[in-house]
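Novice: The structure's right below; bear with me while I get my questions together.
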Amino acid sequence: MEFFNSGFFWFLEGIILCIVIIGFNAWMKDHAIPMPFWKWTAFVIWIVLFGFNVAFIGTSIGENEINAAIKGGILFGLITVISGAGLWRLIKIGTRSPVQAKNERE
Amino acid sequence: MGPDHPFKRKMNVSKLPKNNSFIYLFIIILLVAAFWIGRTTSGPDLKPHVRNIFNQAAFFEDTQGIYSVFSEQNELIGWAAAGSASGYGGPLLVIAGIDTAGKVAGASVVEHKETPVFFRMVKTTDFFQSLTGRLFDEIDYDSREIVGATGATCSADAVVEGIRRAVAKVAGDKFNVHVPVRERPLKFGFLEIAIIVLFSLGIAAHHIGKSFREWLRWTGQIAGLLIIGFWENSPINIAKISAFLSGYFPDLHSDLYWYLLIGGFVLTILIYGKSVYCSNICPFGAAQRCIGLIGGANAKLPVWSVRLMNGLRNFFVFAAVTAALITAQPGSASYEPFAAIFALKGTLFQWFLLFIVLIASLIINRPWCHFFCPMRTCERVLQIVRQKTINFRKLYGKKIK
């Protein structure tokens, strides 16, 4: 448990988050999905929601409240997954075909 | 079949299977046997409960349902009586003890048919302790204290009414004091009107053009989600159907809601051959449709998997109803995750089921309705009854003429 309270854990988490966001951006470009600022804002809000969900489960387990971890995890997990699915459909708005995107780049 | 069914190719499920009369007969015989076993099982023994209320109790004398309780020194220490009232799943039996000074010595629930998760909450409230030591004519018989702590309105009302009836027996017989029986006025308010309006909308949708039908369906389902789901948390479930099958009919005055809801469900299937409740009112169906809108819900499943799931669902519903009839505990049959989503209360199993079903709703159209809902089985049974009646009339109607 000490590991999760250490600075090293947060350092690792920051690196992983950066890799995820850079990878996500690159993947979006490859698939010709435009990412204006409102999509990035929605994505960041969702990441915060996801983080809250993980934190809730972790904290509840840490407090030995297994029941709360399961029920809260299911409830917030549902909200996270469903809103994630909705976000994904929003993000895909304005997707161009890969050929069209390649032509535009050239 | 509507276009929104998750089958890979068209499957005429409305076509009734032939030569299944023996299976139907077997199922009916089993259910009747289960009902008979449940009904003929002897009632509860009240003596251990009387002993729990009166610690010094040595022996009892039972006169017309009132136990006179004596100590080891042969001294009368009080009386105890049982009172029954109609709860959510059926009758609920409560025992109350009154000492010789007219104070409540204790009360407890002897037998109930409530949904276990809700009853556990009622049982653990401070209500029973709060009665102890109070003069029987000082009790205000108010269930709001329990309802506030649990949200289980029906069970709380039944507990309080049972205690009132038990106390009234002792007060009338031993103290010559009349405890007035609560007159239950016919409850016909917003909720009952809403049910009638929702069924009317559903029936109108059945007769109206396709474009307007969708609009009516959404209106009805969103209203059902808010009113029957989040506000009342009382969608039709297998526990209520089992209670009706067990012969535990709720009080018409206070539970007109259930008669309207289940009556509407049954009648619309018998008249139109399809459940207006499921397609236009069901709050859980509405929740799945809303989630389906977000995820697309356009996955197509192979026909064999749909058939397998339908078969499994029918088997489990049959098993649950049989168990409920044998044990005379309709509440125990309930496995639906309705309380988990609408009241955030439920067993771990119900929470997991809720998670799986709602996530599946993102990719499959209304998975609960198609693969898990016991009401789907009830709908099929009523459709079979309807079809058999039509066939019978066609066959023998002509001969009679």
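Novice: Would you mind stating whether B:Ala82 is over 22 Å from the mean Cα position of the chain (by Cα), among the small types (Gly, Ala, Ser) and assigned to a loop (DSSP other than H, G, I, E, B)?
Specialist: no
Novice: Hey, any hits in region B:224-234 for a residue that's polar (S, T, N, Q), out of contact with any strand residue (DSSP E or B) (no Cβ under 8 Å at 6 or more places or on another chain) and not assigned by TED's automatic domain parsing to the domain that holds B:Gly89?
Specialist: Looking through region B:224-234, at least one residue is polar (S, T, N, Q), out of contact with any strand residue (DSSP E or B) (no Cβ under 8 Å at 6 or more places or on another chain) and not assigned by TED's automatic domain parsing to the domain that holds B:Gly89.
Novice: Answer yes or no as to whether B:Ile326 is over 20 Å from B:Gly285 (Cα atoms), touching a residue at least 60 places away in the same chain (Cβ under 8 Å) and in the same structural domain as B:Gly273 (by TED's automatic domain parsing).
Specialist: When the stated conditions are applied, B:Ile326 passes them.
Novice: Within the set of pairs 6 or more residues apart or between chains, which connect a residue that is assigned to a loop (DSSP other than H, G, I, E, B) inside region B:48-66 to a residue that is exposed (fewer than 13 other Cβ atoms within 10 Å of the Cβ) with Cβ atoms less than 6 Å apart?
Specialist: Here the result reads B:Ala58/B:Glu72, each pair linking region B:48-66 to a residue that is exposed (fewer than 13 other Cβ atoms within 10 Å of the Cβ).
Novice: Give me the pairs, please: first residue somewhere in region A:40-67 and assigned to a helix (DSSP H, G or I), second residue anywhere and among the aromatic types (Phe, Trp, Tyr), beta-carbon distance under 9 Å, and either six or more positions apart or on two chains.
Specialist: Going by the 9 Å Cβ cut-off, the qualifying pairs are A:Phe43/A:Phe24; A:Leu49/A:Phe76; A:Phe52/A:Phe76; A:Asn53/A:Phe76; A:Phe56/A:Phe76; A:Ile57/A:Phe76; A:Gly58/A:Phe4; A:Gly62/A:Phe4.
Novice: Also: Test B:Leu226 against the stated conditions and say whether it is modelled with pLDDT of 90 or more, touching an Asp or Glu at 6+ places or on another chain (Cβ under 9 Å) and over 28 Å from B:Val385 (Cβ atoms).
Specialist: Here the answer is no, as B:Leu226 does not meet what is asked.
Novice: Here is a follow-up. State all residues of region B:152-186 that are surrounded by 19 or more Cβ atoms within 10 Å (Cβ to Cβ) and touching a Phe, Trp or Tyr at 6+ places or on another chain (Cβ under 6 Å); if no residue qualifies, say none.
Specialist: Residues satisfying the conditions are B:Ala152, B:Cys154, B:Ser155, B:Val160, B:Arg164, B:Val167, B:Val170, B:Ala171.
Novice: So which of B:Gly189, B:Gly247, B:Gly209 is out of contact with any strand residue (DSSP E or B) (no Cβ under 9 Å at 6 or more places or on another chain), closer than 30 Å to B:Arg39 by Cβ and surrounded by fewer than 19 Cβ atoms within 10 Å (Cβ to Cβ)?
Specialist: B:Gly247
Novice: Just give me the residues in region B:142-164 being among the acidic types (Asp, Glu) and at pLDDT below 75, in sequence order.
Specialist: Passing the criteria: B:Asp142, B:Glu145.
Novice: I'm told B:Ile241 meets every condition in (1) free of Cβ contacts under 8 Å to residues at least 24 places away in the same chain; (2) within 18 Å of B:Ala333 (Cβ to Cβ) except one. Can you identify the failing condition by its number?
Specialist: Here B:Ile241 meets the rest and fails (1).
Novice: For region B:149-179, what are the residues that are within 20 Å of B:Gln64 (Cα to Cα) and of a type in the set (A, V, I, L, M, F, W, C)?
Specialist: Selection gives B:Ile163, B:Ala166, B:Val167, B:Ala168, B:Val170, B:Ala171, B:Phe175, B:Val177, B:Val179.
Novice: From the list B:Ser234, B:Ser200, pick out the single residue that is among the small types (Gly, Ala, Ser), closer than 23 Å to B:Leu344 by Cα and free of Cβ contacts under 8 Å to residues at least 40 places away in the same chain.
Specialist: B:Ser234
Novice: B:Val197 - would you say it is modelled with pLDDT under 90, of a type in the set (A, V, I, L, M) and more than 21 Å from the chain's Cα centre (by Cα)?
Specialist: Judged against the criteria, B:Val197 is not a match.
Novice: Here's another thing I want to ask about it. I'd like the full set of residues that are away from chain B (no Cβ under 14 Å), surrounded by fewer than 17 Cβ atoms within 10 Å (Cβ to Cβ), farther than 27 Å from B:Gly296 by Cα and hydrophobic (A, V, I, L, M, F, W, C), limited to region A:54-85.
Specialist: A:Ala55, A:Ile61
Novice: Could you tell me whether any residue of region B:71-78 is over 23 Å from B:Leu131 (Cα atoms) and polar (S, T, N, Q)?
Specialist: Yes, there is a match, as at least one residue in region B:71-78 is over 23 Å from B:Leu131 (Cα atoms) and polar (S, T, N, Q).
Novice: Mind listing just one residue for me: the one in region A:91-103 that is among the aliphatic types (A, V, I, L, M) and surrounded by 14 or more Cβ atoms within 10 Å (Cβ to Cβ) and, of those, farthest from B:Lys345 (Cα to Cα)?
Specialist: Filtering region A:91-103 for residues that are among the aliphatic types (A, V, I, L, M) and surrounded by 14 or more Cβ atoms within 10 Å (Cβ to Cβ), the one farthest from B:Lys345 (Cα to Cα) comes out as A:Ala101.
Novice: Just to be sure before I move on: is A:Leu17 of a type in the set (A, V, I, L, M) and over 20 Å from A:Ala85 (Cβ atoms) in the structure I sent?
Specialist: yes
Novice: Go through (1) surrounded by 18 or more Cβ atoms within 10 Å (Cβ to Cβ); (2) in the same structural domain as B:Gly133 (by TED's automatic domain parsing); (3) within 30 Å of B:Gly331 (Cα to Cα) for B:Ala34 and report which single condition fails.
Specialist: Single failed check for B:Ala34: (2).
Novice: Please state which one of A:Gly84, A:Gly23, A:Gly58 is under 23 Å from B:Ala287 (Cα atoms) and among the small types (Gly, Ala, Ser).
Specialist: Sole residue among the options that is under 23 Å from B:Ala287 (Cα atoms) and among the small types (Gly, Ala, Ser): A:Gly84.
Novice: Out of (1) over 21 Å from B:Trp215 (Cα atoms); (2) touching a His at 6+ places or on another chain (Cβ under 9 Å); (3) surrounded by 18 or more Cβ atoms within 10 Å (Cβ to Cβ); (4) aliphatic (A, V, I, L, M), what's the single condition that is false for B:Ala320?
Specialist: (2)
The rows are residues; the columns are (1) farther than 28 Å from B:Leu267 by Cβ; (2) touching a residue at least 40 places away in the same chain (Cβ under 8 Å); (3) assigned by TED's automatic domain parsing to the domain that holds B:Tyr248.
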position: B:Val303; (1), (2), (3): yes, yes, yes
position: B:Trp351; (1), (2), (3): yes, no, yes
position: B:Pro367; (1), (2), (3): no, yes, yes
position: B:Val381; (1), (2), (3): no, no, yes
position: B:Lys394; (1), (2), (3): no, no, yes
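Novice: Determine whether region B:301-309 contains at least one residue that is touching a Gly at 6+ places or on another chain (Cβ under 8 Å), away from chain A (no Cβ under 12 Å) and either of a type outside the set (Gly, Ala, Ser) or not in a loop (DSSP other than H, G, I, E, B) (or both).
Specialist: no
The values are calculated or read from the model by the stated rules, or taken from the named source; none is laboratory data. Only a predicted model underlies this, so the values are computations on that prediction, with no experimental measurement involved. Because the Cβ atoms are built from the backbone with ideal geometry, glycine has one as well, and the counts that use them run over all protein chains shown.
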